[in-house]
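Asks: Following this message is one structure expressed as structure tokens.
The values are calculated or read from the model by the stated rules, or taken from the named source; none is laboratory data. Just so you know, these numbers come straight off a predicted model, no measurement behind them. Please note: Cβ atoms are built from the backbone with ideal geometry, for glycine as well, and neighbour counts cover all protein chains shown. Just the protein is used for accessible areas: all its heavy atoms, side chains included, with ligands, DNA and RNA removed. Shrake-Rupley method; radii C 1.70, N 1.55, O 1.52, S 1.80 Å.
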Amino acid sequence: MSTSRFKRVLVTGARGQLASAILRVAPAGVECFGIAREELDITREDAARRVLETARADLVINGAAYNLVA
């Protein structure tokens, strides 16, 4: 049983390495759900606001990242 005060956790960048790992280790009793870039472009304020209002998460973890490894 989880004693976390965070019952609903939204993780952005769900298809990325960091977010995937966070989603895998979510504790029992915490509804941890991810959203991928295709569903949310975090650079668009209007889109982010809509998702945050709809998700009604207690905590948002930004796992979205841009990397260009040369």
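Asks: Using the charge dipole of the chain (Lys, Arg: +1 at Cβ; Asp, Glu: -1 at Cβ; taken about the Cα centre), state which of TYR66, VAL25, LEU52 has its Cα farthest towards the positive end.
Replies: VAL25
Asks: Continuing with this model, one more query. Relative contact order for the chain: what is it in percent, counting Cα pairs under 8 Å that are at least 6 residues apart? Walk me through the numbers on the way to the answer.
Replies: Working: 102 pairs, mean separation 31.0, N = 70.
In percent, rounded to a whole number, it is 44.
Asks: Which of the GluC sites (Glu not before Pro) across region 6-41 are loop residues per DSSP, with 16 or fewer other Cβ within 10 Å?
Replies: Details: sites: GLU31, GLU38, GLU39; in loops: GLU38, GLU39.
When the GluC sites (Glu not before Pro) of region 6-41 are filtered for loop state and at most 16 Cβ neighbours within 10 Å, GLU38, GLU39 remain.
Asks: For helix 45-55, report the angle its Cα long axis makes with the longest principal axis of the Cα atoms of the chain; keep it between 0 and 90° and round to the nearest 10°.
Replies: Approximately 20 degrees, to the nearest ten.
Asks: Taking Cα extents along the principal axes in Å straight from the coordinates, which label in [x] 43, 30, 14; [y] 68, 25, 15; [z] 26, 24, 18 is the correct one?
Replies: Read-out taken from this structure: [x].
Asks: If I compute solvent accessible area with a 1.4 Å probe over the protein chains, what percent of it on the chain is carbon and sulfur?
Replies: Values: 2900 of 5400 Å².
That share works out to 54 percent.
Asks: Ok, one more. What accessible area per residue comes out for the chain, rounded to a whole number of Å², with a 1.4 Å probe? Spell out each step's value before the answer.
Replies: Values: 5400 Å² over 70 residues.
Ligands and nucleic acids excluded, the result is 77 Å² per residue.
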